[in-house]
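The values are calculated or read from the model by the stated rules, or taken from the named source; none is laboratory data. What you see is a predicted model, and the numbers here were worked out from it, not measured in a lab. Here Cβ is always computed from backbone atoms with ideal geometry, including for glycine, and neighbour counts include all displayed protein chains.
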Amino acid sequence: MIYLIAGASHTGKTLLAQQLLERRHIPYLSLDHLKMGLIRSGTIALSPTQDEALTAVLWPIAREMIRTALENRQSLTVEGCYIPYTWQQDFTPAERAEIRYLCLVMSRDYLLRHFAQVQRYANVVEHRLDDSDFTLDTALADNAEALRQCQLHGLPYRLIDETYPREIEW
């Protein structure tokens, strides 16, 4: 089984992937790690903030890693904000039957009430070197866009509204 975890920055994608690793022993690929490896190695000449260009580079690699895992009947979680909302177009119906997708979305109300807490938990799984570009305004805009895209494409999402769930079930 392949698990795709998408969503805006700071929604808990890596935390959910880590939970799947610890509870179900499913390894995960962090698209942020792949991104930084390609940038730091000089393989690509992009900055970490060029999301659309990074998606164009990272998604084909991740897609073929997913396809390889499917061929080998291996489980894998892929998490990151570089999974396009049109991802289903890249897989056959048989492949899609083996893929579970979930987009994590924080509601406007949740962000307005808990933004300081979201910032505090930013490093719960990974250490972010520079988080200065993560503001309430960017969080509101990015989460609203994620929700809009999920609704537009009929993709499943988990709306985080009242409290942050300790566990997210599929």
Of the conditions (1) in a helix (DSSP H, G or I); (2) surrounded by 14 or more Cβ atoms within 10 Å (Cβ to Cβ); (3) among the polar types (S, T, N, Q), residue 9 clears all except one; give me its number. (1)
Show the residue pairs that are 6+ apart or on different chains and have beta-carbon atoms under 9 Å apart, the first residue being within region 15-26 and in contact (Cβ under 8 Å) with a residue 12 or more places away in the chain, the second being assigned to a helix (DSSP H, G or I). 15/121; 26/17; 26/20
For the condition closer than 23 Å to residue 139 by Cβ, hydrophobic (A, V, I, L, M, F, W, C) and in contact with a helix residue (DSSP H, G or I) (Cβ under 8 Å, 6 or more places away or on another chain), what is the one hit in 76, 31, 16? 31
Scope region 139-159; condition under 15 Å from residue 108 (Cβ atoms), touching a residue at least 60 places away in the same chain (Cβ under 8 Å) and out of contact with any strand residue (DSSP E or B) (no Cβ under 6 Å at 6 or more places or on another chain); matching residues: 139, 142, 145
What's the number of the only condition in (1) modelled with pLDDT of 95 or more; (2) of a type in the set (A, V, I, L, M, F, W, C); (3) more than 17 Å from residue 13 (Cα to Cα) that residue 104 fails to meet? (3)
